[in-house]
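Trainee: Next up is a structure, given as structure tokens.
The values are calculated or read from the model by the stated rules, or taken from the named source; none is laboratory data. As the structure is a computational prediction, the values presented were derived from the model and not from experiment. Note that each Cβ is placed from the backbone with ideal geometry, even for glycine, and that neighbours are counted across all protein chains shown. Protein only, heavy atoms only, side chains kept; ligands, DNA and RNA dropped before computing areas. Shrake-Rupley method; radii C 1.70, N 1.55, O 1.52, S 1.80 Å.
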Amino acid sequence: MMLAMREHPFESLDLRDSIGGIKHPAFRDALALTRAGGRAAMGRYLVEDLELVRQALVSPSPVHAVFVASDRAAAVVDHACAARGIPLYILGGAGLITKLVGTGYETAVTAVAVVGQQLVALEELIATLPPDALILAGERIQDPRNVGVLIRTADAAGCHALLLSSDSAEPFSRQAVRSTTGSVLRLPLCLAPDLPAALRRLAHERGVTVAVSSGQAPQTAFETDLATRPLVLMVGNEQQG
């Protein structure tokens with residue numbers, strides 16, 4: 001008889017399990033996501049707080065596992081996890097949830113989800129861009145909290161995506177994700193190694209208009225026609241933008 005092998009510890013055949021220590025393979029993999037290298041290698045990140053985990057479970061982002069610190073928190077997400085076939089782990093060891101949050105001190109967080117990064121390549125962004133698209137772009141945004149605010153702003157404005165230069169702060173760090181208040185779960189992100197070249201391609205191949213903010217701009221945003229579509233609104237670096 002042939003047995004199917006799991007490709008990843010998150011993909012558990014038992015959708016509900018208890019974890020009592022850090023040696024559990026699913027917990028070790030989740031713990032790796034507290035580091036930038038782990039997030040980059042796995043293409044996943046952590047979402048913390050019970051409300052944000054609930055958002056993740058109804059979002060378009062893939063959720064690979066949910067960890068909860070109590071039976072009460074488990075009851076909140078149990079049905080949604082079961083409906084989507086997502087493993088649910090109840091953490092029984094002292095301080096395990098704190099290790100996932102990565103604060104080094106006790107926290108009120110009772111749930112953490114492992115979520116797949118919604119990254120789109122520039123080619124895919126160009127190919128799927130609707131004619132009425134609005135894109136927010138950021139160049140060399142250095143503070144991860146500002147990256148999170150840009151994600152939240154783009155989501156609130158109904159943007160098709162957020163386009164970031166790849167030398168910006170990582171959008172999937174704990175600080176950035178918390179600052180998005182859940183918008184990172186819904187908004188596709190495109191990281192461009194060469195942002196000017198990406199803007200030129202958008203303009204040439206899809207007729208995108210680019211409006212750039214500057215302290216030396218000849219007119220204000222209120223004097224500019226921003227109703228044209230497709231449109232990229234671009235902001236620069238915090239100090240040298």
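Trainee: Quick one: length gained pulling GLU238 to ALA40 fully straight, 0.36 nm per residue minus the C-alpha distance?
Mentor: That pair, GLU238 and ALA40, stretches by 68.8 nm at full extension.
Trainee: May I ask you to list the chymotrypsin sites (Phe, Trp or Tyr not before Pro) in region 11-113 that are in a DSSP loop and have at most 12 other Cβ atoms within 10 Å of their Cβ? Show your work: numbers first, answer last.
Mentor: Numbers: sites: PHE27, TYR45, PHE67, TYR89, TYR105; in loops: TYR105.
Within region 11-113, the qualifying chymotrypsin sites (Phe, Trp or Tyr not before Pro) (loop, at most 12 other Cβ atoms within 10 Å) are TYR105.
Trainee: Hey, what did the chain get for relative contact order, percent, Cα under 8 Å, at least 6 apart? It would help to have the intermediate numbers written out before the result.
Mentor: Working: 438 pairs, mean separation 47.8, N = 241.
About 20 percent, as a whole number.
Trainee: Turning to a different aspect of this structure: Can you classify region 17-103 as rounded, prolate or oblate using the Cα gyration tensor, where a ≥ b ≥ c are the square roots of its eigenvalues, rounded means a/c under 1.5, and otherwise it's prolate if a/b beats b/c and oblate if not? Could the numbers behind the result be given before it?
Mentor: Values: a/c = 1.65, a/b = 1.11, b/c = 1.49.
In terms of gyration-tensor shape, oblate.
Trainee: Next up: Helix 71-84 versus the longest principal axis of the chain: what is the Cα-based angle in degrees, 0 to 90, to the nearest 10?
Mentor: That helix lies at roughly 70 degrees to the long axis.
Trainee: Hey, what does the equivalent ellipsoid look like for region 89-234, semi-axes from the Cα gyration tensor as sqrt of 5 times each eigenvalue, largest first, whole Å? Walk me through the numbers before you get to the answer.
Mentor: On the way: eigenvalues 232, 52, 34 Å².
The answer is 34, 16, 13 Å, longest axis first.
Trainee: Another question, then. Multiply the residue separation of ILE22 and VAL212 by 0.36 nm, subtract the distance between their alpha-carbon atoms, and state the gained length in nm to one decimal. Don't jump to the answer; show the numbers that get you there.
Mentor: On the way: separation 190, 0.36 × 190 = 68.40 nm, distance 4.78 nm.
Stretched fully, the ILE22-VAL212 segment lengthens by 63.6 nm.
Trainee: Counting each DSSP H run of 4 or more residues in the chain as -39500 (n - 2.57), what helix-only mean residue ellipticity at 222 nm follows after dividing by all residues, to the nearest 500 deg cm²/dmol?
Mentor: Values: 9 runs with 82 residues, N = 241.
The helix contribution divided over the chain gives -9500 deg cm²/dmol.
Trainee: With a probe of 1.4 Å, find how much accessible area region 97-172 has per residue, and write the answer as a whole number in Å².
Mentor: Values: 3130 Å² over 76 residues.
Each residue of region 97-172 exposes 41 Å² on average to a 1.4 Å probe.
Trainee: Taking amide H positions as placed 1.01 Å from N in the peptide plane, with prolines and chain starts having none, which residues 5 or more places from VAL120, or on another chain, fall under 5 Å of its amide H?
Mentor: LEU189, CYS190, LEU191
Trainee: Related question: How big is the convex hull of the Cα atoms of region 173-241, per residue, in Å³?
Mentor: In region 173-241, the Cα convex hull volume per residue is 148 Å³.
Trainee: Let me ask another. With a 1.4 Å probe and all protein chains left in place, how much accessible area per residue does region 174-236 have, in Å²? Spell out each step's value before the answer.
Mentor: Working: 3540 Å² over 63 residues.
Value returned for region 174-236: 56 Å² of accessible area per residue.
Trainee: Here's another thing I want to ask about it. Roughly how large, in nm² to one decimal, is the mean projection of the convex hull of the alpha-carbon atoms in region 139-208?
Mentor: Values: hull surface 17.5 nm².
The directionally averaged projection comes out at 4.4 nm².
Trainee: Report in % the part of the accessible area of region 28-176 that belongs to carbon and sulfur, leaving out ligands and nucleic acids; probe 1.4 Å.
Mentor: On the way: 3260 of 6320 Å².
Roughly 52 percent, rounded to a whole number.
Trainee: Here's something else I'd like to know. Rg/Rh for region 33-172 to two decimals, with Rh computed the Kirkwood way over all alpha-carbon pairs.
Mentor: Ratio of gyration radius to Kirkwood radius: 1.00.
Trainee: Gap in Å between the Cα centre of region 65-110 and the Cα centre of region 138-186?
Mentor: Cα centroid to Cα centroid, the span is 25 Å.
Trainee: Give me the percent of accessible area attributable to carbon and sulfur for region 191-241, probe 1.4 angstrom.
Mentor: Details: 1820 of 3450 Å².
Taking all protein chains in place, region 191-241 shows 53 percent carbon and sulfur surface.
Trainee: Here's something else I'd like to know. Which angle between 0 and 90 degrees, to the nearest 10, do you get for helix 144-156 versus the longest principal axis of the chain when only C-alpha atoms count?
Mentor: Once rounded, the angle reads 80 degrees.
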